[in-house]
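Asker: Let me give you the structure first, and then I'll get to my questions.
The values are calculated or read from the model by the stated rules, or taken from the named source; none is laboratory data. This structure is a prediction, so every number in the text was calculated from the model and none was measured. Here Cβ is always computed from backbone atoms with ideal geometry, including for glycine, and neighbour counts include all displayed protein chains.
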Amino acid sequence: MKSIQNIGLVIFLIGLSLFTGTIFTGSFHLSPSALDAFIIEKDYQNEIIETELTKAIVTDDPLTIFEFSHRVRHAYEVANTHYDSLISQYDAEKNWDKKGEQYPYKIYGKPHTLSFDLAKIAGKGYVKAHAGLMWMLTFGLGILGSLLFILPNLILLGKAGIKNDGIYLKASTNRGWIAWLVLIYLVSFYLLLYFMPDYVVNWTFIVDPISLFLNGGPASQWFVYGFLYCTIMVVMALRMYIKYRGNKYQVMRTTSVLFFQIVFAFLIPEIMTSLNMPGYDFKNAFPLDYDFFFDWNLDDLRNSGSIGLFILIWGIVLTLVIVPVMVYFFGKRWYCSWVCGCGGLAETLGDPYRQHSDKSLHAWKLERWLIHSVLIFSLVMTLVTLYCYFTGSPSFLGIHSQWIKDSYSFLIGAWFAGVIGTGFYPIFGNRVWCRFGCPLAAYMGIVQRFKSRFRITTNGGQCISCGNCSTYCEQGIDVRAYAQKGENIVRSSCVGCGICSAVCPRGVLKLENGPEKGRINPTDILLGNNIDLIQLVNKREK
Amino acid sequence: MYVYMGHMEFKHTQPYENWFWAKNKIDLKQGFVNRIDTDNKHIIFEDNTSISYDQLVIASGSKINKFGWPGQDSKGVMGLYRKQDLEQLEQFAPNNQVCKRAVIVGGGLIGIELAEMLRSRNIPVTFLVREKSFWKEVLPDQESEMINRHIREHHVDLRLSTQLREIKTDASGQVISVIIEETGEEIFCDVVGLTAGVSPNIDFVKNSNIVTGRGIKVNRFLETNIANIYAIGDCAEQQEPKGERKAIEAVWYTGRMMGETLAQTICNHRTAYHPGHWFNSAKFFDIEYQTYGWVWAKPKENEARFYWEHKNGKMCIHLNYDKNTHTFIGINNFGVRMRHAFFDKVLTKKKSVAYVLARLSDANFDPEFYKKYALEIVSKFNQENNTSIQLKKKSWKRIFSNA
């Protein structure tokens, strides 16, 4: 059994190496006619870009993606610099008409994204030509290796029960060298994905056939990400099923997040795209879905007929009605631990790292400042965006609409939610984003704290203060501090994953939805100690 | 336990962060107390330094029982009570290369915990239990038998009705084997765990004016015979124990309750210690155990019993009630979680066993979506006793009502 696992590990590492190695393969260049077609399609007004791009990439040299990217970005820079210098020249001459005429010639967009679009049509090589085989060698081997590693645990871990033996004795789950390597890999992955997608264009070739089948078009880097996300969740969900097979709450919750990720976040948007509708994730609620009210999305929805209108209304009702009502009845767990994609990854891929959430008081203070700041940030951004959308003004309250949208997308959307949120799993735990950053979690947390039926009930005086609950709380809640006092746990950050209840050796914790009355119950005297508290208080008052 | 098993680090077992003590003006002093000078209100440490006090609370806990076995103080022989025991275990049983086998002497809660710990590192374990079944003086036959099975399922070499004769050592004083009393068999091992119970750790008190018996004698107010000196927790011996409770209760929560009570007294609200209805819990490998009220190993004269066991052999419920009045006396539940508040109320109000059975769904404390067995349990009871108790639907109103 153990040797099967080792073989699995080797196969997985081969798959991962091949997947990573594909980045460096292939050659990139364009024929003059293909370049023409590209420029016509993009409708560039710029008069130099064609010459510059021809110089750069219409060649017989086998360029690697890195050379190709470098040349393309240089070509765009030269093409734009030409007009920029004209603009500053006319500016100095105060020739406003001429200055204004230059702007349409400029080409906007991130250099690496422009390069990605070109690389997508310029790429040639083994990966592109043998996408199916390459899929088997990368995704296929990765999945096979993982399964060989995970499935033997059905026997190795023994009978159903809590399976946390050795977590703090292993380099992978106790912030050892393996954990740091995983962190470096994940962070690099997100940096490439968000900021240098052209470098990983080969990955899109591997899944092009799948993309073509699902939505009728070639794969973008986001399709790769979505597909990878679903694959990882499925594989790691199998691990969850084995590890927590004695706990029905965990099994059902895992199935639920898996369903919503694959069907709602992945399949439905892809199919909608193939039907010429806007691809929309119906479970992704604003403000987690921070660009819902961006002008391009509103325009897109308004131009999509009745389905666009439906999405617009659904999105607003989801945030304003469905989310708070569901939080009232079930706590925010209905979303964070049963539906959400970020939560889904955290609860599958991130489960081995849940114990690393910071439990200190300092972290709790930081959490409250950060998460509520992000909530305010997202709301201000949306307010500015909407004001500008309806009035046509470029700014509101002195805040430039494009600037605040770009800042949020960069700082929160890419860095916080992606690079830090997921990349730092192995060191800071699996819910960094959910705990410190997610504006939707902040919003639901306020509802959960003040108006909800959800609580974690503490079972009288049974707590022995062992600390398992606090250690394995992914949200860094010091569960024990409440349990040992006999208090129910009512905290805005609780995502209701149910692990505290699972790991408790004495049956002290139970996630429940009950009447609001008595939900928050600070008790001075624990059950079992028959001091009449009321009498005591009365005596003191006399 | 969980530190050795790798579930946690030591810091996770500490209920407060390290800044807590200074912030609350509590000075932590580490050291061993040699003597208490009650006349001059001083305590004297091993290194002859001393501290004076106005009020003194003794909470020195327990030490493990040793019964004069030859070799009981050798290297590799240890209990499982203090942090030092954990450090010793790390030293003598870090893995199954260094510790090829461990022998545990004493079949109670600490013994089975130690067995689970060692098994988590794949160390072969032989478990010597003096009684004919595990924790027999506390558990009824059925439960005890269930745990016997479960211990063996975890590949522990369980030896019932077996006692230790002596511990053998090599020239360096390190354990090499144990000899069994009954058969004379020699079992080779590198670690011996002595887990045959604990007793109050009060040697340093005995040469003072404080009256001691097996523990430090205290009255209902947790006061010793000397003014301003109190004893709480494992080391305290109640002069008049409450109800069926023992004079010395080495149970985690009684220590906590005594602390809460004494805090009232020291803060000028002199308060008597009134432990409520008995309850307890434990975990035997994968099987959780809770108890509320009293379920003795053997039924008393006036007691009737009802036992239900799931066919998987890992869940059961044992009810104890009065034969004549049918008043509920206690419950053992294994593999099923029950609500403390529910049973506390039932016991206070002296409700009947039928009352409890009808409301089993209210009493259940298992996580959501777990299969419920209340109906199965109630119908078995009805069948055996010719009753027609109807299970009530779970009611939040009843669960959370304080009436």
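Asker: Which number in (1) polar (S, T, N, Q); (2) without any contact (Cβ under 8 Å) to a residue 60 or more places away in the chain; (3) under 30 Å from B:H7 (Cα atoms) marks the one condition that A:T422 misses?
Answerer: It fails just one condition, (2).
Residue-by-condition table, conditions (1) of a type outside the set (A, V, I, L, M); (2) not assigned by TED's automatic domain parsing to the domain that holds B:I123:
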{"position": "B:V192", "(1), (2)": "no, no"}
{"position": "B:N207", "(1), (2)": "yes, yes"}
{"position": "B:E223", "(1), (2)": "yes, yes"}
{"position": "B:I226", "(1), (2)": "no, yes"}
{"position": "B:Y230", "(1), (2)": "yes, yes"}
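Asker: Let me ask another. Working only within the stretch B:331-345, note down all residues that are aromatic (F, W, Y) and assigned to a helix (DSSP H, G or I).
Answerer: From the stretch B:331-345, those aromatic (F, W, Y) are B:334, B:342-343; that's our starting set.
Scanning the stretch B:331-345 gives B:F342, B:F343.
For (1) more than 24 Å from B:S281 (Cα to Cα); (2) surrounded by 15 or more Cβ atoms within 10 Å (Cβ to Cβ); (3) in contact with a His (Cβ under 7 Å, 6 or more places away or on another chain); (4) within 13 Å of chain A (Cβ to nearest Cβ), each residue gets a yes or a no:
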site	(1), (2), (3), (4)
B:F306	no, yes, no, no
B:G330	no, yes, no, no
B:N364	no, yes, no, yes
B:N386	yes, no, no, no
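Asker: While we're here: Among the residues of the stretch B:272-298, which ones are in contact (Cβ under 8 Å) with a residue 24 or more places away in the chain, small (G, A, S) and either buried (at least 18 other Cβ atoms within 10 Å of the Cβ) or not assigned by TED's automatic domain parsing to the domain that holds B:D366 (or both)?
Answerer: Matches in the stretch B:272-298: B:A272, B:G276, B:A282, B:G293.
Asker: A follow-up question, please. Residues that are assigned to a helix (DSSP H, G or I) and either at pLDDT below 90 or among the acidic types (D, E) (or both): does the stretch A:130-138 have at least one?
Answerer: Scanning the stretch A:130-138, I find no residue that is assigned to a helix (DSSP H, G or I) and either at pLDDT below 90 or among the acidic types (D, E) (or both), so the answer is no.
Asker: Any chance you could count how many residues in the stretch A:150-190 are touching a residue at least 24 places away in the same chain (Cβ under 8 Å), facing chain B (nearest Cβ under 9 Å) and at positive phi?
Answerer: Selection size over the stretch A:150-190: 1.
Asker: To continue, here is another question. State yes or no: is B:E237 surrounded by 17 or more Cβ atoms within 10 Å (Cβ to Cβ), of a type in the set (D, E), within 23 Å of the chain's Cα centre (by Cα) and within 14 Å of chain A (Cβ to nearest Cβ)? First the steps, then the outcome.
Answerer: Values: surrounded by 17 or more Cβ atoms within 10 Å (Cβ to Cβ): yes; of a type in the set (D, E): yes; within 23 Å of the chain's Cα centre (by Cα): yes; within 14 Å of chain A (Cβ to nearest Cβ): no.
In short, no.
Asker: So in the stretch B:12-26, with the set limited to residues that are surrounded by fewer than 10 Cβ atoms within 10 Å (Cβ to Cβ) and either of a type in the set (A, V, I, L, M, F, W, C) or farther than 24 Å from A:G467 by Cβ (or both), which one is nearest to the chain's Cα centre (by Cα)?
Answerer: That would be B:I26.
Asker: Helices (runs of 4 or more DSSP H) wholly in the stretch A:233-352 with at least 2 residues that are touching a Phe, Trp or Tyr at 6+ places or on another chain (Cβ under 8 Å) and more than 30 Å from A:Y389 (Cα to Cα) - which ones? Write out each step before concluding.
Answerer: Working: elements: A:248-259, A:268-274, A:295-302, A:305-317, A:323-330, A:333-336, A:341-348.
By residue number, A:248-259, A:323-330, A:341-348.
Asker: Might you check whether a residue that is within 14 Å of chain B (Cβ to nearest Cβ) and of a type in the set (D, E, K, R) occurs anywhere in the stretch A:432-452? Show your work before the answer.
Answerer: At the first step, the residues of the stretch A:432-452 found to be within 14 Å of chain B (Cβ to nearest Cβ) are none.
No: zero hits.
Asker: When the residues of the stretch A:499-542 are filtered to those that are part of a loop (DSSP other than H, G, I, E, B) and at pLDDT 85 or above, which remaining residue is surrounded by the most Cβ atoms within 10 Å (Cβ to Cβ)? Break it down stepwise before answering.
Answerer: First pass over the stretch A:499-542, keeping only residues part of a loop (DSSP other than H, G, I, E, B): A:504-508, A:514-528, A:530-532, A:542.
Among the residues that remain, those that are also at pLDDT 85 or above are: A:504-508, A:514-516.
On the way: A:C504: 27, A:P505: 19, A:R506: 21, A:G507: 24, A:V508: 30, A:G514: 16, A:P515: 12, A:E516: 13.
By that ranking, first place goes to A:V508.
Asker: Counting residues that are under 20 Å from B:T325 (Cβ atoms) and under 30 Å from the mean Cα position of the chain (by Cα), which helices (runs of 4 or more DSSP H) fully inside the stretch B:346-403 reach at least 3? Break it down stepwise before answering.
Answerer: Values: elements: B:353-358, B:360-363, B:374-385, B:396-400.
The helices (runs of 4 or more DSSP H) meeting that bar are B:353-358.
Asker: Of all residues in the stretch A:284-343, how many are modelled with pLDDT of 95 or more and of a type in the set (K, R)?
Answerer: Here the count works out to 2.
Asker: Pairs, please: C-beta under 9 Å, at least 6 apart or cross-chain, first residue crowded, with 21+ Cβ neighbours inside 10 Å and in the stretch A:340-369, second of a type in the set (D, E) and in a helix (DSSP H, G or I)?
Answerer: Listed pairs, sorted by first residue: A:R354/A:E347.
Asker: Right, another one. Select from the stretch A:464-491 the residues that are under 21 Å from B:G6 (Cβ atoms), more than 9 Å from chain B (Cβ to nearest Cβ) and either over 28 Å from the mean Cα position of the chain (by Cα) or in a loop (DSSP other than H, G, I, E, B) (or both) and list them in ascending order.
Answerer: Residues satisfying the conditions are A:C473, A:E474, A:G476.
Asker: Something else about it: Which strands (runs of 3 or more DSSP E) does the stretch B:64-181 wholly contain that include 3 or more residues that are touching a residue at least 60 places away in the same chain (Cβ under 8 Å)?
Answerer: Details: elements: B:102-105, B:125-128, B:157-159, B:164-169, B:175-180.
Filter on the stretch B:64-181 gives B:102-105, B:164-169.
To keep it simple, each residue is scored yes or no on (1) within 14 Å of chain A (Cβ to nearest Cβ); (2) farther than 17 Å from B:H277 by Cα; (3) in contact with a Leu (Cβ under 6 Å, 6 or more places away or on another chain).
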site: B:Y321; (1), (2), (3): no, no, no
site: B:N324; (1), (2), (3): no, yes, no
site: B:N333; (1), (2), (3): yes, no, no
site: B:R339; (1), (2), (3): yes, no, no
site: B:K345; (1), (2), (3): yes, no, no
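Asker: Quick one: how many residues across the stretch A:84-131 are exposed (fewer than 13 other Cβ atoms within 10 Å of the Cβ) and within 25 Å of A:S17 (Cα to Cα)?
Answerer: 1
Asker: Could you count how many residues in the stretch B:1-36 are more than 9 Å from chain A (Cβ to nearest Cβ) and either of a type in the set (S, T, Y) or touching a Lys or Arg at 6+ places or on another chain (Cβ under 6 Å) (or both)?
Answerer: Residues that pass the stated criteria total 1.
Asker: Inspect the stretch A:294-313 for any residue being surrounded by 17 or more Cβ atoms within 10 Å (Cβ to Cβ), within 22 Å of A:G344 (Cα to Cα) and in the same structural domain as A:P218 (by TED's automatic domain parsing) and give the result as yes or no.
Answerer: The answer is no, given that none of the residues of the stretch A:294-313 is surrounded by 17 or more Cβ atoms within 10 Å (Cβ to Cβ), within 22 Å of A:G344 (Cα to Cα) and in the same structural domain as A:P218 (by TED's automatic domain parsing).
Asker: For A:V257, are the conditions met, namely being under 29 Å from A:F213 (Cα atoms) and either crowded, with 17+ Cβ neighbours inside 10 Å or touching a Cys at 6+ places or on another chain (Cβ under 8 Å) (or both)? So that I can check it myself, show each step before the final result.
Answerer: Numbers: under 29 Å from A:F213 (Cα atoms): yes; either crowded, with 17+ Cβ neighbours inside 10 Å or touching a Cys at 6+ places or on another chain (Cβ under 8 Å) (or both): yes.
Taking the combined requirement at face value, the residue satisfies it.
Asker: Sort out which residues of the stretch B:388-397 are touching a residue at least 24 places away in the same chain (Cβ under 8 Å) and either within 11 Å of another protein chain (Cβ to nearest Cβ) or β-branched (V, I, T) (or both), and write them in order of number. Write out each step before concluding.
Answerer: Taking the stretch B:388-397 first, the residues touching a residue at least 24 places away in the same chain (Cβ under 8 Å) are B:389-395.
Selection gives B:I389, B:K394, B:S395.
Asker: Any idea which of B:A374, B:A341, B:A358, B:A363 is free of Cβ contacts under 8 Å to residues at least 60 places away in the same chain, outside the structural domain of B:G243 (by TED's automatic domain parsing), of a type in the set (G, A, S) and over 21 Å from A:N513 (Cα atoms)?
Answerer: Values: B:A374 fails: over 21 Å from A:N513 (Cα atoms); B:A341 fails: over 21 Å from A:N513 (Cα atoms); B:A363 fails: over 21 Å from A:N513 (Cα atoms).
Residue meeting the stated conditions: B:A358.
Asker: Follow-up. Looking at (1) modelled with pLDDT of 95 or more; (2) facing chain B (nearest Cβ under 8 Å); (3) part of a loop (DSSP other than H, G, I, E, B), which is the only condition A:C494 fails?
Answerer: Here A:C494 clears every test but (2).
Asker: In the stretch B:111-147, what residues are away from chain A (no Cβ under 13 Å), within 22 Å of B:Y81 (Cα to Cα), of a type in the set (A, V, I, L, M, F, W, C) and crowded, with 21+ Cβ neighbours inside 10 Å?
Answerer: Listed by number, the residues that qualify are B:L114, B:A115, B:V125, B:F127, B:L128, B:V129, B:F134, B:W135.
Asker: Answer yes or no: is there a residue in the stretch A:274-282 that is on the phi > 0 side of the Ramachandran plot and either buried (at least 17 other Cβ atoms within 10 Å of the Cβ) or free of Cβ contacts under 8 Å to residues at least 12 places away in the same chain (or both). Reasoning before the result, please.
Answerer: Here is the first cut: in the stretch A:274-282, the residues on the phi > 0 side of the Ramachandran plot are A:276.
From the residues that got through so far, the ones that are either buried (at least 17 other Cβ atoms within 10 Å of the Cβ) or free of Cβ contacts under 8 Å to residues at least 12 places away in the same chain (or both) too are A:276.
Scanning the stretch A:274-282 turns up at least one residue that is on the phi > 0 side of the Ramachandran plot and either buried (at least 17 other Cβ atoms within 10 Å of the Cβ) or free of Cβ contacts under 8 Å to residues at least 12 places away in the same chain (or both).
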